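A.B. asks: Input: one structure, supplied below.
Bear in mind these aren't lab numbers, they're just calculated from the coordinates by the rules spelled out. Quantities reported herein were computed from a predicted structural model and do not represent experimental measurements. Cβ atoms come from the backbone with ideal geometry, glycine included; neighbour counts cover every protein chain shown.
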Amino acid sequence: MRKRVTGGRVFDPANGIIDQVRDVVLEDGRIIADPGPGGSEEVVNASGCIVLAGGIDLHSHIAGGKVNLGRLLMNEDRALFPEPFGDFCGCGGGRAAPTTHATGCRYSQMGYTAVFEPAVVGANARHAHLEMADIPNIDTGGFLVLGNDDFLLRLIAMGEGQQAINDYVAWMLKATQSCAIKIVNPGGINAFKFNGRNLDLDEAGPFYELTPRRILNTLQRAVTELGVPHPIHLHGCNLGIPGNVKTTLATMGATEGFPLHLTHIQFHSYGTEGDRHFSSGAAEIAEAVNAMPHISVDVGQIMFGQTVTASADLMSQYRNHSIADPKKWIGMDIEMDAACGVVPFNYRDTSFVNALQWAIGLELFLLIEDPWRVYLTTDHPNGGPFTSYPHLIRLLMDKPFRDHHLRQIHKAARSHTRLESISREYTLEEIAVVTRAAPARTLGLKDRGHLGPGARADVVLYEDQPDREAMFAHPRIVMKDGEVVVVNGEIVALTEGRTYAVHPPSDPLMDKRLERWFDEAVGLKSSHYQIADGEIRGGQGPEIVELKP
Amino acid sequence: MNGIRLTLKAPLTARVDASNLLPAAFAGASAAEVAARTVPFGTGVALVGDLFEVAASEGDALVLSGDPRLDYVGAGLAAGEIRVEGSVGAAAGSGMSGGRLVISGDAGDGLAAGLTGGRIQVFGNAGKNVGGPRPGERQGMRGGVVSIAGRVGDGLGARLRGGLILVAGDAGAGAADGLLAGTLAVAGRLGPGAGRGMKRGSILVSSAPEALAPGFAEAGPQDFVALRLLARRVPELAALFGGELSGRAVRLVGNRLAGGEGEILVLS
């Protein structure tokens with residue numbers, strides 16, 4: 001059945017269409033060129049609405065071991081935010097650590113149609129995929145965490161060539177059905193196992209004696225040579241440590257010209273000025289990002305309220321566990337190749353540090369000029385639950401609203417931020433870029449994030465109203481693959497999504513080599529570790545993202 | 001504020017979450033308005049009026065007829081009184097911070113979980129985990145008074161942090177697990193394995209417990225002036241043990257594997 005979305009103001013920055021009243025025509029799950037009048041079609045009235053492509057969140061922890069540990073640790077979260085009782089839902093719930101069902105429903109209710117899990121550990125990849133398959137209304141994909149795994153560190157330390165590294169990375173991407181490579185604290189998690197408590201960019205780690213810089217550059221080269229569309233997704237060194245702005249700037253300078261994505265950069269933009277030795281480094285970071293077109297960032301904005309942080313960076317989670325609120329935490333090793341720390345946080349606007357973190361995130365959003373290189377995230381759940389996105393969007397779009405909130409935060413923090421002097425307000429076009437077009441572009445998803453012919457028929461109609469928070473919290477209609485799943489902010493249907501993966505080719509000799517390695521060093525066989533296509537989404541198989549030539 | 005009486009039309013066929021049936025929520029509402037409210041019923045919702053006959057009643061209390069499938073009765077109660085005629089299901093009085101909950105029959109599991117204030121009185125028996133933590137919490141009941149005329153199930157007062165629990169009957173196994181502070185009084189028999197990981201706090205019992213968790217040491221019979229003062233100050237406690245406390249008790253110190261600042265007093 002053909003559908004015609006008519007009368008709405010279309011914002012499609014990827015195709016240069018900004019605020020034009022025009023029709024969007026959908027057929028068989030795709031957007032098609034307008035065939036003109038005639039033929040049977042269903043008309044969707046979009047008058048008074050703005051029309052956007054489906055939202056894409058490229059960094060949100062929605063599946064996998066640490067998310068499940070978060071649910072286990074924070075089971076009061078589900079009691080506080082149960083799914084509404086009723087004939088339709090009535091199962092699961094939660095905000096900071098929602099169940100799969102609630103994850104899909106809450107995202108879809110805000111107009112999101114694709115969400116990417118940014119930290120899939122190889123040993124837990126099967127679990128992550130099973131969970132992603134269980135999330136309704138949302139397309140998913142996972143980023144594989146490398147950079148602290150013994151096999152890779154050995155390859156680099158023993159001076160094996162780049163080709164061996166590339167084969168290993170390609171093998172791992174396919175084995176875990178992931179769509180990009182993430183590095184969490186390169187070498188740092190490994191150093192933690194040797195009782196290291198921090199590891200700076202140019203500090204050689206224990207045992208392998210590799211610097212984070214070397215690990216980063218090696219993997220950047222691998223990803224580029226393999227043609228993986230998304231650059232290295234880097235959670236850098238020294239997360240959350242005052243003064244880490246220096247490390248972050250050094251990391252940006254260490255890219256050797258390869259593209260690099262720095263994730264939740266808010267947590268990496270702290271200076272040591274002022275009498276509390278904690279200050280905003282947002283201006284320096286933004287200046288560097290503005291000057292380096294090969295760098296992209298997502299912000300990892302913190303939002304006040306209860307949440308739980310879940311990260312593979314056990315080194316920094318161990319550092320933070322003493323300030324857990326409520327007082328409980330989980331830290332664990334995963335197959336000696338990665339780690340995981342889950343620490344509940346309650347960000348308070350009355351806390352100097354939290355208030356300044358909030359301001360630093362907003363400064364970054366507002367000072368980085370090119371919206372195509374900054375993506376809207378709260379690093380769910382680490383900076384705050386993703387359900388706070390509409391509020392965050394209003395903070396970005398509405399200067400008086402922002403100032404109103406700024407006046408309520410900790411007094412000393414207010415004097416440490418230049419937020420009040422920044423007059424920039426995001427336009428609807430810029431919101432369409434940071435929540436849709438830009439993430440799709442960096443992930444290499446050619447048929448997403450825009451409304452041109454051939455794109456997935458994920459279309460969202462938001463009623464234009466001055467309160468942008470209300471507007472983005474309750475879209476009038478959300479269509480996923482052409483099917484209406486949300487009407488007036490309420491779920492009306494559940495559909496199954498798909499999972500994205502990249503399958504770069506690798507030398508068959510790597511199979512043999514890894515078979516031996518798994519037999520010697522890993523708790524399961526290589527053949528069991530690899531996830532077959534048929535295991536993805538109950539036999540549906542992955543959607544393969546095209547490699548860059 | 002006028003009272004409301006909710007009488008079940010028939011035994012419940014699915015579990016009902018009664019946490020929004022509170023006197024404060026019904027303040028100023030007419031019987032018809034109350035009947036039009038909804039409650040979670042099974043996996044869906046039901047109108048209060050479909051499950052209950054709603055009528056105005058004398059006094060200020062909310063009077064409910066009980067059912068073993070009626071969960072979360074009085075959960076989150078901050079003020080006012082709820083009287084239940086009959087038994088209730090799980091988690092009655094969970095997270096209550098004030099007011100009064102009176103249950104004429106039995107209570108299910110998780111009675112008074114996370115209680116911070118108010119009084120709960122049960123005339124029948126209570127299930128497992130009385131006064132324990134709510135899901136995800138590190139501490140159990142932190143204040144208030146719970147008195148149970150019958151027996152209670154296993155896990156009484158786990159991680160109790162404050163307040164007073166009075167049990168006239170027997171208590172099941174594993175009472176006072178990880179108890180942090182506060183007072184338990186059991187007039188019947190205290191089940192096996194009590195006091196595992198107990199840090200501080202007091203347990204008053206009328207007869208020597210059969211098998212405590214390892215880690216307790218007997219400090220001999222002593223004369224406690226404090227007990228006589230306590231009996232005067234908290235008449236309910238004295239009443240539980242027959243009207244008055246002599247002050248003579250055998251003191252078992254423990255749990256010494258968890259600091260040993262707690263005690264079990266066997267009254268004589």
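A.B. asks: Just for the Cα atoms in region A:218-356, what are the lengths along the principal axes, largest first, rounded to whole Å?
C.D. replies: On the principal axes, region A:218-356 reaches 45, 41, 21 Å in Cα extent.
A.B. asks: Still on this structure, please answer the following. Please report the antiparallel percentage of DSSP beta bridges with both residues in region B:1-154, rounded to the nearest 5.
C.D. replies: Just about 30 percent of them are antiparallel.
A.B. asks: List the aspartates and glutamates whose Cα sits under 19 Å from the Cα of A:LYS328, skipping any in the same chain fewer than 8 residues away.
C.D. replies: A:GLU76, A:ASP77, A:ASP313, B:GLU137, B:ASP177
A.B. asks: Okay, next question. Based on the Cβ-Cβ distance of A:GLU425 and A:ASN15, what FRET efficiency does E = 1/(1 + (r/R0)^6) give at R0 = 30 Å, to the nearest 0.05?
C.D. replies: Plugging the Cβ-Cβ distance into 1/(1 + (r/R0)^6) gives 0.80.
A.B. asks: I would also like to ask the following. Write down the Å³ per residue value for the convex hull defined by the alpha carbon atoms of region A:22-86. Intermediate results must be reported in sequence, preceding the final value.
C.D. replies: Details: hull volume 13.6 nm³, N = 65.
So the per-residue Cα hull volume is 209 Å³.
A.B. asks: Right, here's the next one. Taking 31 Å as the cut-off for C-alpha to C-alpha distance, list the pairs among A:LYS174/A:LYS246; A:LYS512/A:LYS548; A:LYS182/A:LYS512; A:LYS193/A:LYS327; A:LYS399/A:LYS446; A:LYS246/A:LYS512 that go past it.
C.D. replies: As for pairs spanning more than 31 Å Cα to Cα, those are A:LYS174/A:LYS246; A:LYS399/A:LYS446; A:LYS246/A:LYS512.
A.B. asks: Where the centre of each part is set by its Cα atoms, how far does region A:391-464 sit from region A:9-36, in angstrom?
C.D. replies: Their Cα centres are 21 Å away from one another.
A.B. asks: Across the Cα atoms of region B:71-120, what radius of gyration and what greatest pairwise Cα-Cα distance (Dmax) are found, in Å?
C.D. replies: For region B:71-120, the Cα radius of gyration and maximum Cα-Cα distance read 9.2, 25 Å.
A.B. asks: I'd like the antiparallel share, as a percent to the nearest 5, of DSSP beta bridges with both residues in chain A.
C.D. replies: Values: 39 of 73 bridges.
DSSP beta bridges in chain A are roughly 55 percent antiparallel.
A.B. asks: If the cut-off is a Cα-Cα distance under 21 Å, which lysines reach B:LYS9, setting aside same-chain residues fewer than 8 apart in sequence?
C.D. replies: B:LYS9 reaches no qualifying lysines.
A.B. asks: Next question. Rg over Rh of region B:180-268, using C-alpha atoms and the Kirkwood radius, what does it come to?
C.D. replies: Radius of gyration over Kirkwood radius for region B:180-268 works out to 0.95.
A.B. asks: How much length, in nm to one decimal, is gained on full extension between A:ILE544 and A:GLU225, taken as 0.36 nm per residue of separation minus their Cα-Cα distance?
C.D. replies: 113.1 nm
A.B. asks: Quick one: which residues, 5+ away or cross-chain, put their amide H under 5 Å from the amide H of B:GLY114? H built at 1.01 Å from N.
C.D. replies: Answer set, sorted by chain and number: B:GLY95, B:GLY132, B:ARG134, B:MET141.
A.B. asks: Something else: Quick one: P(r) of chain A from all Cα-Cα pairs, 10 Å bins, percents rounded to integers, in order of increasing distance.
C.D. replies: 4, 19, 30, 28, 15, 4, 0, 0
A.B. asks: Out of all DSSP beta bridges in region A:192-335, what portion is antiparallel? Express it as a percent rounded to 5.
C.D. replies: Working: 2 of 8 bridges.
Taking every DSSP beta bridge within region A:192-335, about 25 percent pair in antiparallel fashion.
A.B. asks: Once you average over the residues of B:34-43, how many Cβ atoms of partner chains fall within 10 Å of each Cβ?
C.D. replies: 2
A.B. asks: Roughly how far apart, in whole Å, are the Cα centres of region A:294-358 and region A:495-549?
C.D. replies: When both Cα centres are located, 30 Å separates them.
A.B. asks: How large is the Kirkwood hydrodynamic radius of region A:125-237, counting all unique pairs of alpha carbons, in Å?
C.D. replies: 14.7
A.B. asks: At a Förster radius of 60 Å, what calculated FRET efficiency corresponds to the Cβ-Cβ distance of A:MET292 and B:ASP170, to the nearest 0.05? Intermediate values should be presented prior to the final figure.
C.D. replies: Numbers: r = 73 Å, r/R0 = 1.21.
For A:MET292 and B:ASP170, the calculated efficiency is 0.25.
A.B. asks: In peptide B:134-146, what is the residue-averaged number of other protein chain Cβ atoms found within 10 Å of each Cβ?
C.D. replies: 2
A.B. asks: Another question, if that's okay. Using 7 Å Cα-to-Cβ label points, what is the A:ASP200/B:ALA239 separation (nm, one decimal)?
C.D. replies: So the label points at A:ASP200 and B:ALA239 sit 7.0 nm apart.
A.B. asks: At a Förster radius of 41 Å, what calculated FRET efficiency corresponds to the Cβ-Cβ distance of A:ASP467 and A:GLU27, to the nearest 0.05?
C.D. replies: 0.75
A.B. asks: For the pair A:ALA493 and B:ASP223, how long in nm is the line joining their label points, each one 7 Å along Cα→Cβ?
C.D. replies: Rounded to a tenth, the inter-label distance reads 8.4 nm.
A.B. asks: How much of the pair distance distribution for region A:1-116 lies past 22 Å, counting alpha-carbon pairs only, in percent?
C.D. replies: In whole percent, the long-distance tail amounts to 52.
A.B. asks: To the nearest whole percent, what portion of all C-alpha pairs in chain B is separated by more than 33 angstrom?
C.D. replies: Numbers: 8528 of 35778 pairs.
The answer is 24 percent, as a whole percent.
A.B. asks: When ranked by the protection proxy of mean other Cβ atoms within 10 Å per residue, highest first, what sequence do the peptides A:58-69, A:269-280 form?
C.D. replies: Averaged packing, sorted descending, gives the order A:58-69, A:269-280.
A.B. asks: Can I ask one more? What nm distance separates the two modelled labels at B:GLU85 and B:ASN20, each placed 7 Å from Cα along Cα→Cβ?
C.D. replies: Result for the modelled spin labels: 2.6 nm.
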